[in-house]
Amino acid sequence: MSSSLRRGALAAAAIAFSIASLAACGAGNDAQTLQIRPDNAATTVGPIKIQNAVIVTQPGVQTKGPAVIIATLFNSGTTDQTLDAIRVDGDGSAQITPAQGSGKVTIPAHGSVILGGKGNASAALTNPGPVLKDGNAQKVTFTFSKTGDVSLRPFVVPAEGYFDKWGPSNIPAAPGEPAAGN
């Protein structure tokens, strides 16, 4: 065997060995990194998936006023569904408003809807009670036209820092001052 043929065979063997050893680094479908989940509420029931659910209250502990529920709603089904109600355990129902027009919020087939934030549909608790406390994980039930009830426990956070743009649009003013709008 000639020396150039031996060098070629050695190079091919080295490449094959390195590819095989690098392929062994793949952890497969049961990798521990696949078990990491975000620190926000998410669940799936049938074709409905709810992600990034959070209840945002007024900024500051002493500030009273409306709270909002923010979430992204996905519908992987073949037919549209409407969001009929949102109930917060111990605090009643949220007032749901579509992004445009009036009526119910529709989650289109193979589509999604964002609740909360400027220009999106909204879900507001106009007068939250004492059960809604910052730092809690409060049970919230979304009711859909075909899927029915979907419950999860989003965190309750104040409209501060990252959440100041997602919080309630009307922040109550101190007595004698006009209310501020976000």
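Using a 10 Å cut-off on Cβ atoms, rank the peptides 96-107, 149-160, 131-142, 46-57 from the highest mean neighbour count down.
Values: 96-107: 14.2, 149-160: 18.0, 131-142: 16.2, 46-57: 20.3.
Going by the mean number of other Cβ atoms within 10 Å, highest first, we get 46-57, 149-160, 131-142, 96-107.
Using R0 = 41 Å, the C-beta based FRET efficiency linking Q62 and K104 works out to 0.70. Across the stretch 144-154, computed HN-Hα scalar couplings (Karplus, 6.51 cos²θ - 1.76 cosθ + 1.60, θ = phi - 60°) run 10, 4, 10, 6, x, 7, 10, 10, 7, 10, x Hz from first to last residue, x flagging Gly and Pro.
Sequentially through the stretch 110-117, phi angles give Karplus couplings (6.51, -1.76, 1.60; θ = phi - 60°) of 6, x, 8, 9, 9, 9, x, x Hz, Gly and Pro residues having no value and appearing as x. Each of N40 and F155 was given a label point 7 Å from its Cα along the Cα-to-Cβ line. The distance between the two points is 1.0 nm.
For T82, the residues 5 or more places off, or on other chains, whose built amide H falls under 5 Å of its own are I107, S145, K146.
Backbone geometry of the stretch 79-94 corresponds, through the Karplus equation with coefficients 6.51, -1.76 and 1.60 at θ = phi - 60°, to 3J(HN,Hα) couplings of 10, 5, 10, 9, 8, 8, 6, 9, 10, 9, 3, x, 9, x, 9, 8 Hz, x marking Gly and Pro.
Extension gain, K165-Q95: 0.36 nm per intervening residue step, less the Cα-Cα distance, totals 23.3 nm.
Cross-link partners of K49 among lysines, defined as those whose alpha carbon lies under 21 angstrom from its own and excluding same-chain residues fewer than eight positions apart: K104, K139, K146.
Laboratory data are not the source of any read-out in this text; all were calculated from the coordinates shown. Keep in mind that what you see is a predicted model, and the values were worked out from it rather than measured. Backbone-built Cβ (ideal geometry, glycine too); neighbour counts: all protein chains shown.
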